[in-house]
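Report on one structure; see the data block that follows.
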Amino acid sequence: MKVYKTQAEVDADLVDGNLIVGDDVKFEVSVIIAGNINAGDIDADDINARDINAGDINAGNINAYNIDAGNINACDINAGNIDAYNIDAGNINACNIDAGNIDACNINAGNINAGNINAGDINAGNINACNINACNIDAGDIDAYDIDAYDINACDINAGDINAYDINYFAFCTSYRSIKCTSHKAIRNNAHSPICLDGKLTIEKKTKEVTMEEVCKKFGCDIKIKKED
């Protein structure tokens, strides 16, 4: 295991702004790296970096203005808090994601894949993902202006409020307050309908905003808007 005790030791090993270590890494100091971290396992108090690729990521806090990566790949991601202005990744893949709170203005990913996602609160302006796949999603509250995903697939989903497009779950989908979605489906034959303890389940119609140009293309002709008398 490579141990870094000072920022100067980290800076000395940087190659073109990147820290590449063919072993596990332990930071006994908070570090700031402008480039990428590529290592086996990462243990640290605070990590500030661009791309993070590791076997396990264990940290008190992971703080970054933007986390922009093709992929964020780790066996386990364990942190007190994960705080970032934006988290943008092609895919976020981890066996387990455990954090006190996950706070970001936007979380954008092609796919978010994890065995378990466990967090106190997940707070984001927007959560945009093609698919969110997890064995269990356990959170105090999932709060976002928009949670946009083609599918949310999980064994069990437990949260304060759940707002989504389609929700697919194995046996239980439980909210302490309300659930809003366009559809829900249980995978298990003998499963329970979504449970709302202090709120209600609301099924909303799917709507799509389109421009007038798109409407014209749909009809295959030019359209003249007629004003009402």
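Fully extended, how many nm does the chain gain between Asn126 and Cys75 (0.36 nm per residue separation, minus their Cα-Cα distance)? Before the final figure, lay out the partial values.
Working: separation 51, 0.36 × 51 = 18.36 nm, distance 2.52 nm.
Separation in residues times 0.36 nm, less the Cα-Cα distance, equals 15.8 nm.
Average the reciprocal distances over every distinct pair of alpha-carbons in segment 1-140, invert the result, and give the Kirkwood radius in Å.
One over the average 1/r among Cα pairs gives 14.9 Å for segment 1-140.
Treating only the Cβ atoms of Lys and Arg (+1) and Asp and Glu (-1) as charged, compute the dipole magnitude of segment 1-54 about its Cα centre; round to the nearest 20 debye.
Numbers: 4 positive and 12 negative charges, 14 e Å.
With only Lys, Arg, Asp and Glu charged at Cβ, the dipole is about 60 debye.
When Lys185, Lys26 are ordered from fewest to most other Cβ atoms inside 10 Å of their Cβ, what list results? Walk me through the numbers on the way to the answer.
Details: Lys185 12, Lys26 15.
The fewest-first ordering by Cβ neighbours comes to Lys185, Lys26.
Run the quick spin-label model on Asp16 and Asp68: label points 7 Å from Cα toward the beta carbon, then report their separation in nm to one decimal.
Inter-label distance under the simple model: 1.7 nm.
Laboratory data are not the source of any read-out in this text; all were calculated from the coordinates shown. Keep in mind it's a predicted model, so treat the numbers as computed, not measured. Ideal geometry is used to build each Cβ from the backbone, glycine not excepted, and the neighbour counts take in all protein chains shown.
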